[in-house]
Amino acid sequence: MIDSFIFLVKCAVKSIFKNWLLTLASVTVLTICLVTLGSSILLFDNVNLFIDEVGDESQVVIFLDESLTTEQINGIHQQLFQIQNIKNVSYESKEMALQNYLESMGENASLFSDVTSDVLRNSFIFNIKDLSKFDQTMFEVGKIEGISRIRERREVVDRINDISQVILMLAFWIIAIFIVISILVITNTVKVSVYSRRIEINIMKYVGATDAFIQMPYFIEGIIIGILAGILTLFLTYFTYTNILSPIIYDFGLFTPVSFQSRFIPFALFYIVSGALIGMVGSVYPVKKYLNV
Amino acid sequence: MIVFKNVKKTYPNGTDALNGVDIKIDDGEFVFITGPSGAGKSTMIRLLTCEDVPSEGKLTVDGTNLKRLSRRQIPKYRRKIGVVFQDFRLIPTLNVYDNVAFAMRVVGRGGREIKERVMAVLGIVGLEHKVSVFPEQLSGGEQQRVALARAIVNSPAIIIADEPTGNVDPEMSIEIMKLLSSINRNGITVVVVTHEQRLVRAFKKREIRLRYGKVEFDTAHDHDHDHKEKSSDKKDHHSDKEDHKKKHSHKEDKEDSEHD
Ligand SMILES: Nc1ncnc2c1ncn2[C@@H]1O[C@H](COP(=O)(O)OP(=O)(O)OP(=O)(O)O)[C@@H](O)[C@H]1O
Ligand SMILES: [Mg+2]
């Protein structure tokens, strides 16, 4: 078993070196594909973070009925906690609201000196975690009793959702196209190494090697190409992101970008596994043709 | 035991390569398959190696109907047979040792076993001193002996050789045949396709001659009276003249082989 495995890996490595130029081309194309994939993920994470941290589009304020007792208000607080897609729930009494309002007026605050907090209402302020589920979440919030009015920015949320949708579709198609191109390039590379070893395949058939065995070196070749591209992508995206992109975003003072370090291992796994999968898929077809002896 | 029962083979382009072949080859036999070019010899071999299936009739090897073999079962069946080709089919990038060892590796055999067995079969074909030489540095005869070593390394029950001496000089041809016949003495069934009547005569083994996809004659049946009585007048007639005819067609065959 082990002998066979070593033999198969040796075959694969040999043909990788023999067709090094094509291997290089495959690794390059697959790397471009994976970099696109990884960049899209980082872009999405950062956009989400930006919406969370900077924009208040996801902020919702619910104003409570004046007649509510402290217990009832606490009850509403509990109910809000129970809703999954909500975070940063905070209570603002009408006194606090006035205070905040006056503060925001700055120097003009004196103009409102005779305004009492009774014109305002007690409220809860919270954010929606996943904006794409905005409507469902707000429907649940609406079922809570004791709410007199809800302030939300539905049009903005809708626009964000629309834009996200477009970006998502675009990313999906770009990635899909790159995956197809990668598979084609790998298929071509493996085809060349299959062709250069057709005598071997022919002999393997005659001495009774199984199809799976004959397929294996090319399979391994595809996987190796995939893993190489995965590793390359990991370092490329890591260094460009942490050393170039991240500082730029930070310098603009917009927000603190998503950290790559903290998700290095998931990213590494993701790149290597998707690279290996694409490599595997690319290596299946060209051998099939030569198996029919 | 190999049994062809009314085997017919029509290629997709309509060529009738085999036209009702009936042959029985016992375990441990040595058989020459002869006949002019296009008679269907290689087609017979291709059916035996499961590269193709009969269009009609039944071909069984040790009771297994080859038509019934599934894709998964074919490799297992092929481990029972060793095949030798006219063009050797050695892997140019591997030396003699590795060319032979290759056949064991690809069926999942392991380290020490390979070494012992490969050296043993290289000894049988008399090439143990050439283990690290590459195919292009060998003569045709030597290359064919490597191919023969590779064919027997997995201990097959049957050796099938399609014109093994086609690319080998005359003296070496005799050597190759001697090797095949000594392999046969160890109980392995040997089926050899050849154009060379010279070899057929020298080795005095069973000869099955094909023509137009049919068995023209089978020396095993010369002593088989039952079969003679069944066969038609025409056949009887021509077997009277068989000796004469053999010599005659020998010339034909020579010409044929030059065409190849
Ligand atoms: N793959 C194929 N497709 C179509 N026709 C074929 C094919 N292979 C062989 N034939 C035809 O079948 C017939 C028998 O061919 P086969 O190769 O069996 O002859 P052979 O006896 O081996 O001849 P030779 O001595 O020249 O090798 C020939 O007419 C040949 O042209
Ligand atoms: Mg032939």
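The values are calculated or read from the model by the stated rules, or taken from the named source; none is laboratory data. All values derive from a computational prediction rather than experimental measurement. We place every Cβ from the backbone using ideal geometry, glycine too, and count neighbours over all the protein chains shown. Note: accessible area is taken over every heavy atom of the protein model, side chains too, but ligands, DNA and RNA are not part of it. Shrake-Rupley method; radii C 1.70, N 1.55, O 1.52, S 1.80 Å.
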Point to revise | Most to least packed among A:103-112, B:54-63 [average Cβ atoms within 10 Å] | key: B:54-63, A:103-112
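For the range A:59-152, report the translational diffusion coefficient in µm²/s to the nearest whole number, using Stokes-Einstein at 20 °C, 1.002 mPa s, and a Kirkwood Rh over Cα pairs. Please list the in-between numbers first.
Numbers: Rh = 14.3 Å.
D, rounded to a whole number, is 150 µm²/s.
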Point to revise | Volume of the Cα convex hull of the protein assembly as shown, divided per residue and given in Å³ | key: 225
Review point. So what are chain A's ellipsoid semi-axes, whole angstrom, largest first, if each one is the square root of 5 times an eigenvalue of the alpha-carbon gyration tensor?
Key: 61, 20, 15
Study note, to complete from the structure: Counting only protein heavy atoms and leaving out ligands, DNA and RNA, the solvent-accessible surface of A:THR70 at a 1.4 Å probe, in Å² to the nearest 10, equals 100
Check your understanding: What 222 nm value per residue comes from the helices of chain A, counting each DSSP H run with n ≥ 4 as -39,500 (n - 2.57) and dividing by all residues, nearest 500 deg cm²/dmol?
Key -> -23500 deg cm²/dmol
Check your understanding: So for A:MET169, B:MET1, A:MET204, what's the accessible-area order with a 1.4 Å probe, most first?
Key -> A:MET169, B:MET1, A:MET204
Revision key, fill the gap. Reported to the nearest 10 Å², A:LEU131 has, with a 1.4 Å probe, an accessible area equal to 10
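Quickly rank B:190-198, A:159-167, A:122-130 as a protection proxy: mean count of other C-beta atoms within 10 Å, highest first.
Going by the mean number of other Cβ atoms within 10 Å, highest first, we get B:190-198, A:122-130, A:159-167.
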Point to revise | Mean separation of Cα contacts under 8 Å (6+ apart) over length of chain B, as relative contact order % | key: 26
Exercise for review: Calculate the length of the line joining the C-alpha centroid of the range A:65-91 to that of the range B:61-117, in whole Å.
Suggested key: 77
Review point. If one computes the Cα centroid of the range A:138-201 and of the range B:153-218, what distance in Å separates the two points?
Key: 65
Exercise for review: Counting other Cβ atoms within 10 Å, keep those with at most 11, restrict to DSSP loop, and tell me which GluC sites (Glu not before Pro) in the range A:18-70 are left.
Suggested key: A:GLU66
Study note, to complete from the structure: Cβ-Cβ cut-off under 10 Å around A:GLU66, Lys and Arg +1, Asp and Glu -1: the net charge is 0
Revision key, fill the gap. Calculated from DSSP helices alone, with each H run of at least 4 adding -39500 (n - 2.57) and the total divided by the residues of chain B, [θ]222 nm to the nearest 500 comes to -12000 deg cm²/dmol
Point to revise | Size of chain B as Cα extents on the principal axes (Å, biggest first) | key: 59, 42, 36
Practice item. Could you please put A:TYR238, B:TYR212, A:TYR285 in sequence from largest to smallest accessible area, using a 1.4 Å probe? Key: B:TYR212, A:TYR285, A:TYR238
Review point. Counting partner chain Cβ atoms within 10 Å of every residue's Cβ in A:178-188, what's the average?
Key: 0
Review point. Please state the Cα pair-distance histogram of the range A:114-258 with 10 angstrom bins from zero: what percent is in each bin?
Key: 8, 18, 20, 17, 14, 11, 7, 3, 1, 1, 0
Review point. When the C-alpha atoms of the range B:1-79 are aligned to their principal axes, what extent does each axis show, in angstrom, from largest down?
Key: 31, 29, 19
Exercise for review: Work out the mean other chain Cβ neighbour count within 10 Å for the residues of B:76-88 and drop it here as an integer.
Suggested key: 2
